[in-house]
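Just so it is clear, none of the values below were taken in a lab; they were calculated from the coordinates. Remember, predicted model here, so these are calculated numbers, not experimental data. All Cβ positions, glycine included, derive from the backbone under ideal geometry; neighbour counts span all protein chains shown.
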Amino acid sequence: MKKALIFILAFAAIATFVLLSSFFTVNQWESALVVRLGAPVAMIEKPGLKTKAPFIDTVAIFDSRLQLLEPPSEQVILGDQKRIVAQVYTRFRITDPLRFYQSLQSMEAARAQLALSVDTAMRREFGRIDLPTLLSADRPAIVSKVHEDVKAKFAPLGLDVVEVRLHRADLPLETSQAIYDRMKSERYRQAQLLRAEGKQWAQEIASKADRERTVILSEAQRQAQITRGEGDGEGNIVLSGAQKGDPKFYAFYRSLQSYGRSLAGSGPVLLLAPDAAFLKALKSGPPEAAAATGAR
């Protein structure tokens, strides 16, 4: 009885294992290839629960979605012997699982070969150009050549390379530092040149301003002398008219002007003879007062 129970349990376990080995699931974004003893026998592209022969059939599942390949950055030598650190990324998908299995077999092998092919094509195309060309508007056309080369190579292998793009292209750190130092020296030289030109312009402006100042002062002095001469002439005319109109008052006024000029610059003591003509107006006063004193 016990032996029969063990046999039944063993048979049920084997049957369950065989049954489970006969089914597999295909998702909507996948396709499956059934391989029997190393030879492909069926391609399944519709999703759902599928069956296969246990023990002799194996199933290779392939993802039909767009895949991303982004290898690490690498140094590339350009045609002008300049070095850059370039990184490209590639998008691809499996379009023919049967060819893919026959040629590449696994996604890991496909990624390795695709990365090698992209790197080789990139180095070949970049080795034909110089750095200014890579930084110009011609760069998309250069990367497009890399894409076309890789796409044509992997199309017979059941792989569609959708795009190849240059993610970054930088100068190496040591090269960047050297370029920065040269740029710094060049900017310093230009700054020194601009400062020298500024000093020269400042001297020219100052010299021009001094010349204009001299001309303006000369013109002002000439105009002042003309104006002063005209004023003196008008003053002489007024004085002449005043002398003709009242000679005594004019003589008295001239005496007062003489007193002002003489006494203003004299010392505390001024010695003059009592009968000096210089003191006549000072003693007698205005002409009207002198006339009244004489009448009395």
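Each of residue 190 and residue 123 was given a label point 7 Å from its Cα along the Cα-to-Cβ line. The distance between the two points is 3.7 nm. Taking every alpha-carbon pair within segment 67-171, the share separated by more than 22 Å comes to 30 percent.
Using 0.36 nm per residue and subtracting the Cα-Cα separation, the extra length available between residue 213 and residue 115 on full extension is 27.5 nm. For residue 88, nonlocal amide neighbours, meaning residues 5 or more places apart or on other chains whose placed amide H falls under 5 Å from its own, are 167. Structure shown: which of 46/151; 46/145; 82/145; 145/184; 46/153 lie over 32 Å apart, alpha-carbon to alpha-carbon? Cα-Cα > 32 Å for 46/145; 145/184; rest within. Extending 7 Å from the Cα toward the beta-carbon at both residue 224 and residue 200 defines two label points whose distance is 3.8 nm. Shown in residue order for segment 114-120 are the 3J(HN,Hα) couplings computed by the Karplus curve 6.51 cos²θ - 1.76 cosθ + 1.60 at θ = phi - 60°: 5, 4, 5, 5, 5, 5, 5 Hz (x for Gly and Pro).
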